[in-house]
Amino acid sequence: MSENESDIDLELFGNVGEVRNAGISAETANAEKAELERQLDYRRVLLRELSDDATVLERARKQLDVAESLVALNRGEEAWGIAREAFNVAMSEESWQDAVEACNVLYQAEQPASIPALGMGMWLAVTFPVDPELTYTMMDHFVSETPANADGAALAAVTALYVIDMRASDEQHESLSFLATNLISRVAERHSQVKNQMGLDVWVEKLELKDPQVFLPRLSLVIGAIVEEQWWFDRDELRAKIPE
């Protein structure tokens, strides 16, 4: 066998391997999609089979489960209407946790108003005592949406840590504060090429990220800028309902 023939044979083996791997990847993707569709069907059954005496919030939570499955299947437009209805119910029932969960799904649905939905979810997650893990999730989403040099990402990241310090249980605090601290470090590195603790301390001081009386109002302005005139609720009315 000549050297060229040997090269050709090896190349053929390489192509066979690529085809085989592509086949495995397609098979895995199809299996994952089938599992997501089974989950969607199951969640729809649970929604249909809710008893007549189920509360509107119980129904809204089942709707959110259905919407989450639709988002996972890249059916965002279909998910939007369901999650939006669940959001309305949660707000009318003053269930702030469920309202933020709905905003999380609406953001992930990737529809025209998904960014305003994210902003409203952030506002609710900071204003009301919802699960700090969910607050962190919303802030992390926002960081992902912002340019590297945007101060808004820094405000969101430091607010996530602030909320965790204020609200997290003893069981939650260590893991969540670790995530939030890493988020701050990540934002600092991409914002100002911060590489060490000394640089981070200087960066925090420069951007005035130590005092919540300073950074929370600034974050509120950023949220107002991304939501613009698309608010689905009256913030002044809701502020009157903030627990003492």
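Bridgeable lysines around Lys195 (alpha carbons under 17 Å apart, same-chain partners fewer than 8 residues away excluded): Lys206. Magnitude of the charge dipole for the chain, about its Cα centre and with charges confined to Cβ atoms of Lys, Arg (+1) and Asp, Glu (-1), is about 640 debye.
In terms of other Cβ atoms within 10 Å, Phe215, Phe142, Phe178 run from fewest to most in the order Phe178, Phe215, Phe142.
The angle between the Cα long axis of helix 96-108 and the main principal axis of the chain comes to about 40°, on a 0 to 90 degree scale. For region 146-244, the list of trypsin sites (Lys or Arg not before Pro) that fall in a loop by DSSP and count at most 14 other C-beta atoms within 10 angstrom reads Lys195, Lys210, Lys241. Only one residue of Leu207, Pro243, Gln230 has its Cα farthest out toward the positive end of the dipole of region 205-244, where Lys and Arg carry +1 and Asp and Glu -1 on Cβ, and that residue is Leu207.
With a ≥ b ≥ c the root eigenvalues of the C-alpha gyration tensor of the chain, is it rounded (a/c under 1.5), prolate (a/b larger than b/c) or oblate? Because a/c hits 1.5 or more and a/b fails to exceed b/c, the chain counts as oblate.
The long axis of helix 197-206 is offset from the longest Cα principal axis of the chain by roughly 50 degrees.
Report note on the peptides 223-233, 152-162: ranked by the mean count of other C-beta atoms within 10 Å, highest first, their order is 152-162, 223-233. For region 18-106, GluC sites (Glu not before Pro) meeting the loop criterion (DSSP other than H, G, I, E, B) and having at most 10 other Cβ atoms within 10 Å: Glu49. For Gln193 and Trp232, the FRET efficiency from 1/(1 + (r/R0)^6), where r spans their Cβ atoms and R0 equals 41 Å, is about 0.60.
Quick one: angle between helix 212-227 and the longest Cα principal axis of the chain, in degrees between 0 and 90, rounded to 10, please. Roughly 60 degrees, rounded to the nearest 10.
Bear in mind these aren't lab numbers, they're just calculated from the coordinates by the rules spelled out. Model, not experiment: these values are computed from the prediction. Don't worry about glycine lacking a Cβ; one is built from the backbone with ideal geometry, like all the others, and counts go over all protein chains shown.
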